[in-house]
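Asker: Below is one structure. I have some questions about it.
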Amino acid sequence: MTRYRRTYRNVDGQRVEGTWRHIFTRNMDTYFLTDLVIYADGAIDCGTGGLTDLDGLAEQLRRGQVATTLEDGAWASAHHLAGWRFTEPRSAINAEMLLGEASDEIDRLNGRPDSTDRCLQAATTYLADPTEDNRRTLRERYLAIPEHLRTYALGDMDRKDAPLRILITDLGEPLHGWPDGPVVTEQKRAKAVAYFREREIAIETWDARVPADGPEHPMRPTLTIPKTVYPRGWPDPPGVEVLQNDYPAAITVGANSYPSVTHAYTAVSRSSGEVEDGEWPGHVAGGPSGGFRDVGSAGQA
């Protein structure tokens, strides 16, 4: 899942948001570890030269240029990092899973429901009106989630996706995905329905929470910004990246001005054998913007 790895590209002066994940490409008999970069406008960089789209990714998967099957004994390379031979390699995904994940990422980058969201919407519809038609729709939506991501659908690492699998399995049949597993009964289905009822209450309670010393009405959750370094310069416009501690925005603490929050933190919390304590703030204030990288993001301030 790539949703917390962000990137972007500029198109005619407009910032197009993107995300990425690792993949293997294949050239002749060698596999190359590279990045699959997915953008909100549907453009995809497979690391094989130029941009394509979902259809182009599907074609490269069909040809084996983007590889999800790894050949035992083949050479592999991570550019300027390492080279090795595969020994009993096992791929975690197949072509269908990778295509589904890429499609989901495009939906998320555009603020649209992805396959997991659509499945959970179908579950809500079924619980409100438990007809066989609604259950079949739930099954279709569940199976539309890329297989390697289904276990995360409920965000429950104890039960995983078992309650969903119980609902989509016909009574008297083994649990979906477990041919030799337990048979789904009325009792098991009732427990799965009860799980969703309790989950709904828990979500409503969480959404309505009020901090002990907070406002009367619920506040938005804390903004989390993954720590990202931009060696070629900060994005323009920077968006939420302005909240990173080392973003070059002047800040004044006492009598001193600093080029970033990181500089200010460093000045007030450190001393150096090379600089007298009283001179340390001025020494840091004159340092290069972005020169300190060991302090967390502004959201941690």
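Asker: Within the range 177-207, can you find the residues that are closer than 21 Å to E147 by Cβ and either modelled with pLDDT of 95 or more or among the polar types (S, T, N, Q) (or both)?
Answerer: V184, A192, listed by residue number.
Asker: On the given criteria, is S103 crowded, with 16+ Cβ neighbours inside 10 Å, more than 29 Å from R150 (Cβ to Cβ) and touching a residue at least 12 places away in the same chain (Cβ under 8 Å)?
Answerer: Spelling it out, it is not the case that S103 is crowded, with 16+ Cβ neighbours inside 10 Å, more than 29 Å from R150 (Cβ to Cβ) and touching a residue at least 12 places away in the same chain (Cβ under 8 Å).
Asker: Name the residues in the range 222-241 that are in a helix (DSSP H, G or I), open to solvent by less than 70 Å² (accessible area, probe 1.4 Å) and of a type outside the set (D, E), would you?
Answerer: Passing the criteria: only G239.
Asker: If we keep just the residues of the range 4-34 that are touching a strand residue (DSSP E or B) at 6+ places or on another chain (Cβ under 7 Å) and open to solvent by 60 Å² or more (accessible area, probe 1.4 Å), which is nearest to A67 (Cα to Cα)?
Answerer: Across the range 4-34, the extreme among qualifying residues is R26.
Asker: If the requirement is being within 24 Å of D104 (Cβ to Cβ), surrounded by fewer than 14 Cβ atoms within 10 Å (Cβ to Cβ), modelled with pLDDT of 95 or more and of a type in the set (A, V, I, L, M, F, W, C), which of these qualifies: L143, L138, L167, L154?
Answerer: Going through L143, L138, L167, L154 in turn, the sole match is L143.
Asker: Here is a further query. Please work out which one of (1) modelled with pLDDT of 95 or more; (2) more than 30 Å from D41 (Cα to Cα) is the condition Q121 fails and give its number.
Answerer: (2)
Asker: If a residue has to be farther than 13 Å from E96 by Cα, among the charged types (D, E, K, R) and over 22 Å from the mean Cα position of the chain (by Cα) to count, how many in the range 41-71 make the cut?
Answerer: Number of matching residues: 2.
Asker: Turning to a different aspect of this structure: For the range 180-194, does any single residue satisfy the condition of being small (G, A, S), touching a residue at least 24 places away in the same chain (Cβ under 8 Å) and either farther than 30 Å from T69 by Cα or buried (at least 18 other Cβ atoms within 10 Å of the Cβ) (or both)?
Answerer: Yes: the range 180-194 contains one or more residues that are small (G, A, S), touching a residue at least 24 places away in the same chain (Cβ under 8 Å) and either farther than 30 Å from T69 by Cα or buried (at least 18 other Cβ atoms within 10 Å of the Cβ) (or both).
Asker: Identify, please: which residue in the range 35-57 is in contact (Cβ under 8 Å) with a residue 60 or more places away in the chain and not hydrophobic (A, V, I, L, M, F, W, C) and is, among those, surrounded by the most Cβ atoms within 10 Å (Cβ to Cβ)?
Answerer: Here the residue is Y39.
Asker: Which is open to solvent by 80 Å² or more (accessible area, probe 1.4 Å), at pLDDT below 80 and farther than 27 Å from R9 by Cα, of G273, G214, G278, G287?
Answerer: After applying the criteria, what remains is G273.
Asker: Is it the case that some residue within the range 58-78 is surrounded by 15 or more Cβ atoms within 10 Å (Cβ to Cβ) and under 23 Å from P113 (Cα atoms)?
Answerer: yes
Asker: Please go through the range 242-255 and give me each residue that is over 16 Å from T228 (Cα atoms) and open to solvent by 50 Å² or more (accessible area, probe 1.4 Å), ordered by number.
Answerer: A250, I251, T252, V253, G254, A255
The values are calculated or read from the model by the stated rules, or taken from the named source; none is laboratory data. Predicted model, so just to flag it, every value in this text is computed and none were measured. No Cβ is skipped: glycine too gets one built from the backbone with ideal geometry, and neighbour counts run over all protein chains shown. Heavy atoms of the whole protein, side chains included, go into the accessibility calculation; ligands, DNA and RNA do not. Shrake-Rupley method; radii C 1.70, N 1.55, O 1.52, S 1.80 Å.
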